[in-house]
1. Counting each pair of different Cα atoms once, what's the Kirkwood radius of segment 76-141 in Å, rounded to one decimal?
2. Stokes-Einstein at 37 °C, 0.692 mPa s, Kirkwood radius from Cα pairs: D for segment 1-81 in µm² s⁻¹?
3. So if I place +1 on the C-beta of Lys and Arg and -1 on the C-beta of Asp and Glu, and nothing else carries charge, what would the dipole magnitude of the chain be about its Cα centre? I want it in debye, nearest 20.
4. Taking Cα pairs under 8 Å and at least six residues apart, what relative contact order does segment 5-67 come out at, in percent?
5. Just the number: Rg to Rh for the chain, Cα atoms, Kirkwood Rh, two decimals.
6. Pop the C-beta distance of residue 172 and residue 47 into the FRET formula with R0 = 35 Å and round what comes out to the nearest 0.05.
7. With labels modelled as points extended 7 Å from the Cα through the Cβ direction, what inter-label distance (nm, one decimal) is found for residue 54 paired with residue 5?
8. Pulled fully out, how much extra length does the chain show between residue 79 and residue 94, if you take 0.36 nm times their separation in residues and subtract their Cα-Cα distance?
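Values in this text are rule-based calculations from the coordinates and carry no lab data. In this text the structure is predicted, and so the values were computed from the model without any measurement. Please note: Cβ atoms are built from the backbone with ideal geometry, for glycine as well, and neighbour counts cover all protein chains shown.
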Amino acid sequence: MEPVRRKALVDAALRVIGDHGSLAVTMSDIARQAGVSPALAHHYFGSKEQLLIETIRSLLRQLRSDTVAALKAARTPRARLSAIIRVSFHADQFAPETIAAWLAFYAEAQRSEETRRFLVIYARRLRSNLLADLKALLPADAAERIAEGAAAMIDGLYIRQSLKSAPIGIEASIALTEDYLNALLATASPSPRREKERPHRTTQGQMT
């Protein structure tokens with residue numbers, strides 16, 4: 001039962017953080033949402049801080065798993081770039097409680113070194129995944145610049161989901177990012193390494 005209850009507590013933490021819009025929640029709040037006692041929650045995680053860290057780990061694991069699966073299904077560097085974009089705006093990532101949790105963790109990163117470390121891992125992973133396939137299409141300097149811009153656009157559009165009065169939908173976010181990528185790919189010089197977008201082995205597993 002331990003893995004089941006641990007997952008239930010992580011899922012409950014995500015919902016409670018989403019409801020509160022911050023990490024200012026108690027272990028009792030989370031335990032109540034999970035349908036267990038606070039004592040049992042402490043038994044499995046020791047402290048609220050450890051449960052919150054496991055919650056952000058869970059978000060990152062799911063995002064990584066979805067990305068790996070999407071990249072395996074893509075056959076060319078350009079298709080893999082589209083796969084990364086689409087995974088970033090997956091419906092699960094757009095759930096209101098998930099958006100609220102990510103924003104809460106970003107705020108907590110200003111105070112918590114451990115939370116900041118996990119968010120840095122996310123940012124580096126996204127950039128690395130974009131860069132790996134951009135380098136197959138463009139010279140290194142152009143690939144670096146476009147990877148930074150695409151990652152910033154993905155994060156910016158995601159954050160705008162917190163603006164309840166003016167949300168941008170999943171397909172609109174994907175289309176905007178694809179338009180940005182297409183415009184820059186059309187104007188940048190092709191990479192000498194490019195071989196008609198021949199399928200090649202991705203390094204996703206090594207980078208993530």
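1. This gives a value of 13.5 Å.
2. 236 µm²/s
3. For the chain, the charge dipole is close to 660 debye.
4. 36 percent
5. Value, to two decimals: 1.03.
6. Once rounded, the FRET efficiency stands at 0.30.
7. Label-label distance for residue 54 and residue 5, simple model: 1.0 nm.
8. Gain on stretching residue 79 to residue 94: 3.2 nm.
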